[in-house]
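Each remark here refers to the structure printed beneath this line.
The values are calculated or read from the model by the stated rules, or taken from the named source; none is laboratory data. Computed from a predicted model, the values in this text were never measured in an experiment. Here the Cβ is made from the backbone with ideal geometry for all residues, glycine too, and neighbour counts use every protein chain on show.
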Amino acid sequence: MLYAELLGDFFRLTGELQRRSAAFLAHHFQIHPTHAAPPARSERFHPCFFRREPPGIALIFVPELLAVIALFLRVQPPQKRFPMPLDSLPDAVHFGNVHAHPNDQEASTGPRSFRFHAMQPWPTCSDYTGSVGMPTNRIKTRRRAARNAATRAPAAGGWRERKDGALRILEASALARIPWLIHGFSTRPGGVSDLAGEKVLNLGFARWDRKENVLENRRRFQSAIDARDMMLCGLSQIHSDVVHVFEARPAVPCRGDASATNRADLLLAVQTADCVPILFVDSKNRTVAAVHAGWRGTLGRIVTKTIGKMQMQFGTKPADLLAAIGPSIGGCCYEVGTEVAAEFRSQFPNASEWFDELRTGDEPNPLQWLNMSPPGHQPAPKNVLLDLRKANRAQLLEAGLLPQNISVSDLCTACRRDLLFSYRKDAGTTGRLMSVIGLRA
Ligand SMILES: [Zn+2]
């Protein structure tokens, strides 16, 4: 208001003075129309100084000065006007949730997450860091909750435990109910292998363990799940998306990360120590499959490809499939670089739901303008946490599996080193868990 009044006064004054100085100039030219010689120095200053009247043209700077002062006094700097959180960008990525899985009430990837995006369209305060307007303590609470779930009792939520001496085998209740099916997820205790003074059930050949120990452990494991006479069919795992279909047991393990069969007496096996083991059974066609999915296999959609192979070879319908996602490293502990997040984001429209924070490392550093660090000297972006189980479950749902037909173990290999093997937590020197499935003759 004050500025408006002042400006009004000044414009009026300026106009008046300009008119008056124009009159002076006219007068000047009229009185002295012809000068043979150039005016003396004192005469050139004549209108400004000798008549003691300021020229109108100088006053134009006054409102400009006021405008500059007003700019400095503004309460809100202009850059606060257009914050846009990265996980709510209105791109095709987030509209991908709209049509997905209308019956999936439990899924984190279903309509519930769409509702979340729809109800909170634009947070009023955010920045470009990718922490997407969520306070740090909320992220910490979420991680703590995930960790609590990861240490729950092994037999909770659709899972049960079979004990045989010191051995503890995990089973998905839905699969254990099928009379013609054999399956099981091994755990750490109860073997003959010696790992730093501890007797463990290592089921993979390793440099630190003797071959006969591993063979004895495998014998005990098969005995515990009542599969003594079945032929164990392992793979030479290479973190790929290669799927094999077995008619008979191959002479040497095939290179690949998934296998399927409809033959009885073949016990399909995958080995893990953090990666995700997934077992499938088609209850209509009596077909089984076992999958090993690390981040590379998950990125390569190995579960989707396995289901595709079962459809082609055995006429499996995804709606008839039961799946069990076994113990693996959880979203509480599995840190990956932001370049992995970027790869997932480029491949999957709902990838942001599998990470604790959506950051790909490409976001501009908001502190750059405050600390004035030169380009290339910005702080390195932090790692992000990836939930591989969630990612694989989402792929299963997308392939057409029913949510009630998917059992997911909450156990985290890194949180439960008393019960499981974790390659990361044990710094590489650790045993291997084995997940097996087969048809009883
Ligand atoms: Zn964990």
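A quick yes/no check of all residues on (1) polar (S, T, N, Q); (2) within 19 Å of PHE205 (Cβ to Cβ); (3) touching a residue at least 12 places away in the same chain (Cβ under 8 Å); (4) touching a Gly at 6+ places or on another chain (Cβ under 9 Å):
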| position | (1), (2), (3), (4) |
| --- | --- |
| ARG389 | no, no, yes, yes |
| GLU398 | no, no, yes, no |
| VAL408 | no, no, yes, yes |
| CYS412 | no, no, yes, yes |
| CYS415 | no, no, yes, yes |
| LYS425 | no, no, yes, no |
| GLY428 | no, yes, no, no |
| SER435 | yes, yes, yes, yes |
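Assuming THR316 fulfils every condition listed in (1) in contact (Cβ under 8 Å) with a residue 40 or more places away in the chain; (2) crowded, with 19+ Cβ neighbours inside 10 Å; (3) not in a strand (DSSP E or B) apart from one, which condition is it?
(1)
Being farther than 22 Å from ALA174 by Cβ and basic (Lys, Arg) is the filter here; which residues of the stretch 278-308 pass it? So that I can check it myself, show each step before the final result.
The initial filter retains those residues of the stretch 278-308 that are farther than 22 Å from ALA174 by Cβ, namely 294-301, 305, 308.
Of everything in the stretch 278-308, those that are farther than 22 Å from ALA174 by Cβ and basic (Lys, Arg) turn out to be ARG296, ARG301, LYS305.
When you scan the stretch 294-302, do you find a residue that is in a strand (DSSP E or B) and of a type outside the set (D, E, K, R), even just one? I'd like the intermediate steps shown before the answer.
Narrowing the stretch 294-302 to residues in a strand (DSSP E or B): none.
Taking every residue of the stretch 294-302 in turn, none turns out to be in a strand (DSSP E or B) and of a type outside the set (D, E, K, R).
Can you tell me which residue within the stretch 386-406, out of those that are surrounded by fewer than 21 Cβ atoms within 10 Å (Cβ to Cβ) and not in a helix (DSSP H, G or I), is nearest to the ligand (Cβ to nearest atom)?
So, considering only residues that are surrounded by fewer than 21 Cβ atoms within 10 Å (Cβ to Cβ) and not in a helix (DSSP H, G or I), the one nearest to the ligand (Cβ to nearest atom) is LEU402.
Find the residue count for the stretch 316-330, including only residues that are under 21 Å from LEU386 (Cα atoms) and acidic (Asp, Glu).
Within the stretch 316-330, residues that are under 21 Å from LEU386 (Cα atoms) and acidic (Asp, Glu) number 0.
Condition first: away from the ligand (no atom under 16 Å from the Cβ) and touching a strand residue (DSSP E or B) at 6+ places or on another chain (Cβ under 8 Å). Now tell me which residues in the stretch 318-336 satisfy that. Lay out the reasoning, then the answer.
Applying the first criterion (away from the ligand (no atom under 16 Å from the Cβ)) to the stretch 318-336 yields 318-324.
Those that are away from the ligand (no atom under 16 Å from the Cβ) and touching a strand residue (DSSP E or B) at 6+ places or on another chain (Cβ under 8 Å): ASP320, LEU321, LEU322, ALA323, ALA324.
For the stretch 227-243, which positions are in contact with a strand residue (DSSP E or B) (Cβ under 7 Å, 6 or more places away or on another chain) and within 21 Å of PHE185 (Cβ to Cβ)?
Residues satisfying the conditions are ALA227, MET230, MET231, LEU232, CYS233, GLY234, LEU235, SER236, GLN237, VAL243.
How many of the residues making up the stretch 176-198 are surrounded by 15 or more Cβ atoms within 10 Å (Cβ to Cβ), in contact with a Ser or Thr (Cβ under 9 Å, 6 or more places away or on another chain) and farther than 30 Å from ARG263 by Cα?
Number of matching residues: 1.
Please count how many residues of the stretch 225-281 are of a type in the set (Ser, Thr, Tyr) and within 17 Å of ILE178 (Cβ to Cβ).
At the first step, the residues of the stretch 225-281 found to be of a type in the set (Ser, Thr, Tyr) are 236, 240, 259, 261, 272.
Of the ones still in play, those that are also within 17 Å of ILE178 (Cβ to Cβ) are 261.
Residues meeting the conditions: 1.
Restricting attention to the stretch 337-357, report how many residues are within 16 Å of the ligand (Cβ to nearest atom) and touching a residue at least 40 places away in the same chain (Cβ under 8 Å).
Here the count works out to 2.
Within the group ASP362, ASP356, ASP426, which residue is assigned by TED's automatic domain parsing to the domain that holds LEU279 and at pLDDT below 95?
Values: ASP362 fails: assigned by TED's automatic domain parsing to the domain that holds LEU279; ASP356 fails: assigned by TED's automatic domain parsing to the domain that holds LEU279.
Result of the check over ASP362, ASP356, ASP426: ASP426.
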